[in-house]
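Asks: Provided herewith is a single structure, encoded as structure tokens, for subsequent inquiry.
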Amino acid sequence: SICRSAWYCSKECQKNAWTKEGHKYCCAKPDVPRIIVDGNYLDDVKSAIDKANPGDIVELKEGDYQWKRDCKPVDMKDMNDALKSKKKANGDDALVIDKPIKIWGPPGGIDSVQLNCQLVVDQGSSLLGDVLISNLTVKPNILVKTNNYKSVTFSCVRSQQDDEDEDGVRVHIMRGGKCLFYRCEIIGG
């Protein structure tokens, strides 16, 4: 394989892993720069995304990621009000990917990484390139805003929306590109 992290017993097994199991969506040459998220907060993920250059890979460790400000003790009677007041669509609780990067959890990690925020793919200053999100769960939802990326690909991603009045995934216009969902689960919404 290109990444040198997967080995196959035959060409048939390699072809099967590439096409049917989705290895092509999380395969990269070993020399592609990687930023490994140091910490288990969404603040750490945001910092890694900010440091990444177009084409870089942001790797997540196993964990349940949330914003540091959400980790303080909350009075149970105020919990519902706090959840209802959370800002959405690029608000304070959105994790924004605004450049063509790859962000992925451990192989087979759909259950081992959970991002507890709205995940927004937005057009930044970079007009070209590909965005890839792989091997993780997003709770509550995913928003792909109007952009010019060549492609936005979700591979082995779960979007879990518990609010039946909200969308689990929303995709706006892809100008000349495509948005691909491969082996994904969209639950609720």
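The values are calculated or read from the model by the stated rules, or taken from the named source; none is laboratory data. Just so we're clear, the structure is a prediction, and the values are computed from it rather than from any experiment. Here the Cβ is made from the backbone with ideal geometry for all residues, glycine too, and neighbour counts use every protein chain on show. Surface accessibility is based on the protein's heavy atoms, side chains included, excluding ligands, DNA and RNA. Shrake-Rupley method; radii C 1.70, N 1.55, O 1.52, S 1.80 Å.
Asks: Look through the stretch 33-43, keep the residues that are in contact (Cβ under 8 Å) with a residue 12 or more places away in the chain and not β-branched (Val, Ile, Thr), and return whichever of them is least open to solvent (accessible area, probe 1.4 Å).
Replies: Per the criteria, the residue is Leu42.
Asks: If I go through the stretch 145-179 residue by residue, how many of them are in a loop (DSSP other than H, G, I, E, B) and either crowded, with 17+ Cβ neighbours inside 10 Å or of a type outside the set (S, T, N, Q) (or both)?
Replies: From the stretch 145-179, those in a loop (DSSP other than H, G, I, E, B) are 145-146, 148-150, 161-168, 172-173, 175-177; that's our starting set.
Remaining after also requiring either crowded, with 17+ Cβ neighbours inside 10 Å or of a type outside the set (S, T, N, Q) (or both): 145, 149-150, 161-168, 172-173, 175-177.
Counting residues in the stretch 145-179 that are in a loop (DSSP other than H, G, I, E, B) and either crowded, with 17+ Cβ neighbours inside 10 Å or of a type outside the set (S, T, N, Q) (or both) gives 16.
Asks: Please tell me if Gly124 is at pLDDT below 90, closer than 22 Å to Asp50 by Cα, small (Gly, Ala, Ser) and surrounded by fewer than 16 Cβ atoms within 10 Å (Cβ to Cβ).
Replies: Against the criterion (at pLDDT below 90, closer than 22 Å to Asp50 by Cα, small (Gly, Ala, Ser) and surrounded by fewer than 16 Cβ atoms within 10 Å (Cβ to Cβ)), Gly124 qualifies.
Asks: Could you say which residue among Ile57, Ile2 is at pLDDT 70 or above, closer than 27 Å to Tyr149 by Cα and not acidic (Asp, Glu)?
Replies: Ile57
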